[in-house]
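Here the structure is laid out as structure tokens; the discussion comes afterwards.
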Amino acid sequence: DTGVSQNPRHKITKRGQNVTFRCDPISEHNRLYWYRQTLGQGPEFLTYFQNEAQLEKSRLLSDRFSAERPKGSFSTLEIQRTEQGDSAMYLCASRPLAGGRNEQFFGPGTRLTVL
Amino acid sequence: SQQGEEDPQALSIQEGENATMNCSYKTSINNLQWYRQNSGRGLVHLILIRSNEREKHSGRLRVTLDTSKKSSSLLITASRAADTASYFCATGPEGGAQKLVFGQGTRLTINP
């Protein structure tokens, strides 16, 4: 068990470009979450998957954002037509469905800089 | 938007002293959790307290929860330089919602 991994760790892009981030959760964790964290703030929830089903989306997830978890394992978060306001740390977390434990296990994050 | 506020926003103490951070939240909760984040990295879960609990201990950590005041505190005893980090409280709402709602965090600096 190597923990939650995210790739890339850093991404610098120009405004208007599309970017895609990948998250590999801890194996057998059915639940997967995406959060966004801007400098000096706490993480803000973006979306949640249980297996391959996207069960909740935040209002923060505009039409330019899309997330998938096609086989219920890894997930991708795509941002189209990036804007400077999209610059942030994008965090992925996972937790098991069973066991009654509520804590989430976070990856190291992908830091996005939009120029 | 953030669930609540943390107080203080920044705290600087000497190694060996105790550090206390406070968190307030707005809605009914199922549980409250504390996470630590080292500079520019992911979050690490520290401790969870359920809504029907009032106090919980884990090593040098002590968490209290007052649901009538919608507040919690995290005490770190005998602080070490390695405790330097940002600390966030996060609430798990009632009603089966799965997301965590984080506060703005307290930046803790332990001076050697």
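Readers should treat all values here as calculations from the given coordinates under stated rules, not as data from a laboratory. Small disclaimer: the values here were computed from a predicted structure and weren't measured. Positions of Cβ are backbone-derived with ideal geometry, glycine not excepted, and every protein chain shown enters the neighbour counts.
Hey, among B:G59, B:G42, B:G16, which residue is of a type outside the set (A, V, I, L, M, F, W, C) and in contact with a Pro (Cβ under 9 Å, 6 or more places away or on another chain)? Result: B:G42 is the single residue among B:G59, B:G42, B:G16 that is of a type outside the set (A, V, I, L, M, F, W, C) and in contact with a Pro (Cβ under 9 Å, 6 or more places away or on another chain).
Given the condition polar (S, T, N, Q) and either out of contact with any strand residue (DSSP E or B) (no Cβ under 7 Å at 6 or more places or on another chain) or within 11 Å of another protein chain (Cβ to nearest Cβ) (or both), answer yes or no: does some residue in the range A:78-98 qualify?
Pass one, the range A:78-98, residues polar (S, T, N, Q): A:80, A:82, A:84, A:87, A:94.
The next check asks that each one be either out of contact with any strand residue (DSSP E or B) (no Cβ under 7 Å at 6 or more places or on another chain) or within 11 Å of another protein chain (Cβ to nearest Cβ) (or both); those that pass are A:80.
Yes, that holds for at least one residue.
The set of residues from the range B:63-95 being assigned to a strand (DSSP E or B) and within 20 Å of B:T109 (Cβ to Cβ) comprises B:S73, B:L74, B:L75, B:I76, B:A85, B:S86, B:Y87, B:F88, B:C89.
With A:F74, A:F65, A:F105 as the choices, which residue is within 13 Å of another protein chain (Cβ to nearest Cβ) and hydrophobic (A, V, I, L, M, F, W, C)?
On the way: A:F74 fails: within 13 Å of another protein chain (Cβ to nearest Cβ); A:F65 fails: within 13 Å of another protein chain (Cβ to nearest Cβ).
Of the residues listed, the single one that is within 13 Å of another protein chain (Cβ to nearest Cβ) and hydrophobic (A, V, I, L, M, F, W, C) is A:F105.
For the range A:21-31, does any single residue satisfy the condition of being within 14 Å of chain B (Cβ to nearest Cβ), among the aromatic types (F, W, Y) and surrounded by 15 or more Cβ atoms within 10 Å (Cβ to Cβ)? Yes, the range A:21-31 contains at least one residue that is within 14 Å of chain B (Cβ to nearest Cβ), among the aromatic types (F, W, Y) and surrounded by 15 or more Cβ atoms within 10 Å (Cβ to Cβ).
Among the residues of the range B:67-85, which ones are of a type in the set (S, T, N, Q), touching a Phe, Trp or Tyr at 6+ places or on another chain (Cβ under 9 Å) and surrounded by fewer than 20 Cβ atoms within 10 Å (Cβ to Cβ)?
Applying the first criterion (of a type in the set (S, T, N, Q)) to the range B:67-85 yields B:67-68, B:71-73, B:77, B:79, B:84.
If we keep only those that are touching a Phe, Trp or Tyr at 6+ places or on another chain (Cβ under 9 Å) too, we end up with B:71-72.
Residue satisfying the conditions is B:S71 alone.
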